[in-house]
1. Ranked from highest to lowest mean number of other Cβ atoms within 10 Å per residue, what is the order of the peptides 302-313, 170-181?
2. Around residue 310, with a cut-off of 10 angstrom between Cβ atoms, what is the net charge of the other residues, counting Lys and Arg +1 and Asp and Glu -1?
3. Using θ = phi - 60° and the Karplus curve 6.51 cos²θ - 1.76 cosθ + 1.60, what whole-Hz ³J(HN,Hα) does each residue of segment 131-144 get, with Gly and Pro shown as x?
4. Quick one: net charge of residue 118's neighbours, Cβ under 14 Å, K/R +1, D/E -1?
5. Which of the lysines could a cross-linker span from residue 225 if the Cα-Cα distance has to be under 30 Å and same-chain partners fewer than 8 positions apart are dropped?
6. Calculated FRET efficiency, residue 126 and residue 184, Cβ-Cβ r, R0 30 Å, to nearest 0.05?
7. What ³J(HN,Hα) values, in whole Hz, does the Karplus curve 6.51 cos²θ - 1.76 cosθ + 1.60 give for segment 288-294 when θ = phi - 60°, with x put for Gly and Pro?
Amino acid sequence: MNIFNTVEHFLEKFGVKNLSFITSVIFIFGIIFLVSPSYKSTSLISVQDQDISTNFNNSLFSSLISDSPESLYQLKSFLESNDASSQFYDLVDVDEFYMSKDVRLFSRYGTIFKKRFHDYFLDITNVKIIDDSQAIEIETFGFSSNHALKANIALIYISSEFFDKRERLSATIALAKKRCELAISKSEDINEVYIDQDFDKEINIDKFTSANDLIYSKSSAFYNKCLNYTLVEDSISPQLPTSTLTDVNSSSSKMLVSEIFDSKMDSLSITDNLRIIAEPKLAINPERKRVLLKTFLFFVSIFLVFLMIKVLIKMRDNFIY
């Protein structure tokens, strides 16, 4: 209420136009003297899905899928997440890049104006999808050209790690599944194989701080249960001929061994979903502050605010009296 009375006092003393002008002058000085010049580094990377089914190559939908691969949008969402900002914080020297005393007050991280790093991270990065080229444009800002470049390289590295972790987790799950299938194929009678589905009861969520670690643990628990399968009489499921199973078992075992080898290699390797189309470069000149444009927009906005307050004051006085 005190702030409202203060604004009312200034409106009565200066008027809407003059008060808006005075506030805009203060705004100009704030931009000039309290906001650091920023530099921008831009890179362009293409994203390719490795798991698009070849069965759709000749369909109408395949072109739509390939033009906008899921990974493109997944990566953008990830780069705007708290997880990405946390990894970025660990990769770059935040103290030197964004908390240095050389960075002016309104631009510096850690002030009363910019307390939460994730919000600050979203201010200094911009991720844009370019559908036509199946690419993502990554923009990073810094208060020196070198810092902007290093920040961009850090985001490219984080993007690469995102795909590597995703593919390794998928390969680990596939590895557990194929090993289980190989163990079952050695059973005397597959018709009576039973695996206890309550393997997840052994997992204690309180022990985990990572969702990926939890899934890894789940796949390991499943595999251990699979190794300890039991044989029970099953009168519900269709009974496959034992003689036929014996003939199939030899060829399927060889195939499973090959698939296990592939999954094992995938769990140890890195992916190639990313292609660097345009390398990030050192910016020669700082970004334009656009002081006049920003001041004009600020003046119009603050003028409308003060005008609305003046109208509310008149309505209040008419209502009271």
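Please treat every number below as a calculation from the coordinates, not as lab data. Keep in mind it's a predicted model, so treat the numbers as computed, not measured. Ideal geometry is used to build each Cβ from the backbone, glycine not excepted, and the neighbour counts take in all protein chains shown.
1. On the way: 302-313: 14.8, 170-181: 18.8.
Put in order of decreasing packing, that is 170-181, 302-313.
2. -1
3. 4, 4, 10, 6, 9, 10, 9, 10, 10, 10, 10, x, 9, 8
4. -2
5. Within the straight-line limit of under 30 Å, residue 225 reaches these lysines: 165, 177, 178, 186, 201, 207, 254, 264.
6. E(calc), rounded to 0.05, equals 0.05.
7. So the J values, rounded to whole Hz, are 5, 6, 6, 4, 5, 5, 5.
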